[in-house]
1. Given the criteria among the aliphatic types (A, V, I, L, M) and at pLDDT below 85, does residue 69 qualify?
2. May I ask you to list pairs of residues, at least six apart or on different chains, whose Cβ atoms are under 8 Å apart, with the first in the stretch 23-41 being farther than 12 Å from residue 13 by Cα and the second being open to solvent by 50 Å² or more (accessible area, probe 1.4 Å) and not in a helix (DSSP H, G or I)?
3. Restrict the check to the stretch 77-96 and report whether at least one residue is at pLDDT 95 or above and among the acidic types (Asp, Glu).
4. Could you run through the stretch 1-40 and say how many residues are exposed (fewer than 14 other Cβ atoms within 10 Å of the Cβ), out of contact with any Ser or Thr (no Cβ under 8 Å at 6 or more places or on another chain), of a type in the set (D, E, K, R) and more than 13 Å from residue 62 (Cα to Cα)?
5. Which residues, counting only those in the stretch 38-62, are touching a strand residue (DSSP E or B) at 6+ places or on another chain (Cβ under 7 Å) and assigned to a helix (DSSP H, G or I)?
Amino acid sequence: MDRFRELTTFVAVAEEQAFNAAARRLGQSAPVVTRLISTLEDRIGARLFTRTTRSVTLTDAGQTLLADAGRILAELEDLEAAAAGEGARAALRLAD
C-alpha cells in the first residue's frame, strides 16, 4: 500500500511540478508529500527531482520512473475495475 501511495504522490508532484500543489491535490500536508518522495528516493537509490526554491524538475531517473508509473497506475485501476466487475457478476449470480 505504501508503494502505491508513494508512486501516486510521485506522479502528482511530477505533474504539478511543485510539492505544495501536489499536497493540495492529494489532500495531504506538504511534509507528508516530502516524506513519501524521500522514502521512494531512498528505496530506489536515486534522486527523482531536482529541487530549487523556485522549481521542481524531474531528473533522468525521475523521467524514466514517470513513464512507467503512469502505465502501472493505469493498469492497477483497470485491475480494480475488472475485479469490481467480477464481484458484481458474482453478486448477481448469487441473487438468482
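The values are calculated or read from the model by the stated rules, or taken from the named source; none is laboratory data. These numbers were taken from a predicted model, which means no experiment stands behind them. No Cβ is skipped: glycine too gets one built from the backbone with ideal geometry, and neighbour counts run over all protein chains shown. Surface areas here come from the heavy atoms of the whole protein model, side chains and all, with no ligands, DNA or RNA. Shrake-Rupley method; radii C 1.70, N 1.55, O 1.52, S 1.80 Å.
1. The answer is no for residue 69.
2. 41/47
3. Checking the stretch 77-96: not a single residue is at pLDDT 95 or above and among the acidic types (Asp, Glu).
4. Summing the residues that are exposed (fewer than 14 other Cβ atoms within 10 Å of the Cβ), out of contact with any Ser or Thr (no Cβ under 8 Å at 6 or more places or on another chain), of a type in the set (D, E, K, R) and more than 13 Å from residue 62 (Cα to Cα) in the stretch 1-40 gives 1.
5. 62
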